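S.K.: Structure incoming, see below.
The values are calculated or read from the model by the stated rules, or taken from the named source; none is laboratory data. Quick caveat, the model's predicted, so the values are computed rather than measured. Here the Cβ positions follow ideal geometry from the backbone for every residue, glycine too, while neighbour counts run over all protein chains shown. These area figures cover heavy atoms from the full protein model, side chains too; ligands, DNA and RNA do not enter into them. Shrake-Rupley method; radii C 1.70, N 1.55, O 1.52, S 1.80 Å.
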Amino acid sequence: ETWVSSRGGGGPPRGGGGGGGAPPRQYNLIARDGRELCEYAGTTLDGAARQTSLFNDNYFYRACLTGSFTKACCPKYLKPEVYRKLKDGAVDNVVVATDSFLGQLYKRKYTRVVLMDHVDWLNDALVQELAKGLRDQVKKGGRIIWRSASLNPPYNPAFAKHGFKIQCIHRITDKEHNGCIDRVNMYSSFWVGKRV
């Protein structure tokens with residue numbers, strides 16, 4: 001299997017932007033859902049605090065709050081058994097690329113593509129360009145996954161139009177998740193698209 005992952009592009013907006021660190025397009029998705037940024041941030045922190053132990057099993061928040069990990073509360077790659085595998089050569093399978101996401105996408109075919117939240121940041125033309133690239137480079141049966149600040153990302157139909165069956169895995173508003181969809185809890189929804 002071949003994977004590619006995106007951390008987005010361009011970074012947070014310069015000069016404020018009014019979104020508390022959220023890129024303007026992502027902030028607009030939050031507002032489009034009828035949510036205020038303060039409510040969004042409050043939901044994020046409240047869900048993580050109520051549904052996880054921020055100091056004992058949530059290394060994302062522990063690192064932010066204390067500046068450290070513990071042996072029991074750290075990323076898997078720091079656990080002795082995984083760290084040993086990395087030291088023994090598994091880390092050599094990681095490829096660091098410094099060109100554009102589409103530049104990497106067009107270099108090979110993929111079975112899995114992790115988009116993170118960067119699609120939230122793109123304008124309509126770039127969404128269409130990305131959707132076409134994914135159609136061309138993701139093998140039949142392959143999957144793309146993404147998270148969004150939106151409960152219903154407006155770009156999902158572009159992926160469907162370009163050959164992906166779209167499914168929402170969960171939303172922050174789903175009763176069974178009690179306001180927490182994962183340990184970070186910074187997104188409103190999580191999606192998968194299967195290449196058909």
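S.K.: Need the list of lysines near K76 for cross-linking: C-alpha distance under 16 angstrom, and skip anything on the same chain fewer than eight residues off.
M.R.: Hits, sequence-local ones excluded: K85, K87.
S.K.: What residue among G142, G34, G179 has the largest mean-square fluctuation in a Gaussian network model of the chain, using Cα springs under 10 Å?
M.R.: Evaluated over the chain, the most mobile residue of the options is G34.
S.K.: Next question. Give a residue-ordered list of calculated ³J(HN,Hα) values for region 35-41 (Karplus: 6.51 cos²θ - 1.76 cosθ + 1.60, θ = phi - 60°; whole Hz; x for Gly, Pro).
M.R.: Each residue of region 35-41 in turn: 10, 8, 4, 5, 5, 4, 5 Hz.
S.K.: Can I ask one more? Per the helix-only calculation at 222 nm, which mean residue ellipticity applies to the chain, given -39500 (n - 2.57) for every DSSP H run of n ≥ 4 and division by its residues, nearest 500 deg cm²/dmol?
M.R.: After summing the helix terms and dividing by residue count, I get -9500 deg cm²/dmol.
S.K.: Also, quick follow-up: Which value, to two decimals, describes the C-alpha radius of gyration of region 15-128 once divided by 2.2 N^0.38 Å?
M.R.: 1.40
S.K.: For K139 and E39 in one chain, what is 0.36 nm times their gap in residues minus the Cα-Cα distance, to one decimal in nm?
M.R.: That works out to 32.1 nm of additional length.
S.K.: Over the heavy atoms of D117, what accessible area does a 1.4 Å probe trace out, to the nearest 10 Å²?
M.R.: 20 Å²
S.K.: Then there is this: For the chain, what is the Kirkwood estimate of the hydrodynamic radius, computed as the reciprocal of the mean inverse distance between distinct Cα atoms, to one decimal in Å?
M.R.: 18.4 Å
S.K.: Once label points are set 7 Å from the Cα along Cα→Cβ at both V114 and A90, what is their separation, rounded to one decimal in nm?
M.R.: Result: 1.3 nm between the two label points.
S.K.: Which of the aspartates and glutamates could a cross-linker bridge to K175, judged by Cα under 16 Å and excluding same-chain residues fewer than eight apart?
M.R.: Here the aspartates and glutamates satisfying the reach criterion relative to K175 are D46.
S.K.: Let me ask you something else. Given H placed 1.01 Å from N in the peptide plane, which residues other than close sequence neighbours of S188 have an amide H under 5 Å from its amide H?
M.R.: S148, A149, S150
S.K.: Mean separation of Cα pairs under 8 Å and 6+ residues apart, divided by the residue count of the chain: what relative contact order is that in percent?
M.R.: Worked out over the chain, it gives 27 percent.
S.K.: While we're looking at this one, here's another question. How far apart, in nm, are two points set 7 Å out from the Cα along the Cα-to-Cβ line at K194 and at A49?
M.R.: 4.0 nm
S.K.: While we're on this one: Multiply the residue gap between H170 and K71 by 0.36 nm, knock off their C-alpha separation, and tell me the result in nm, one decimal place.
M.R.: 32.6 nm
S.K.: Also, quick follow-up: Hey, what's the chain come to in accessible area per residue, 1.4 Å probe, Å²?
M.R.: I get 59 Å² per residue for this part.
S.K.: Here's another thing I want to ask about it. Around Y155, with a cut-off of 11 angstrom between Cβ atoms, what is the net charge of the other residues, counting Lys and Arg +1 and Asp and Glu -1?
M.R.: Working: positive: R25, K161; negative: D120, D124.
Taking every other residue near Y155 into account, the sum is 0.
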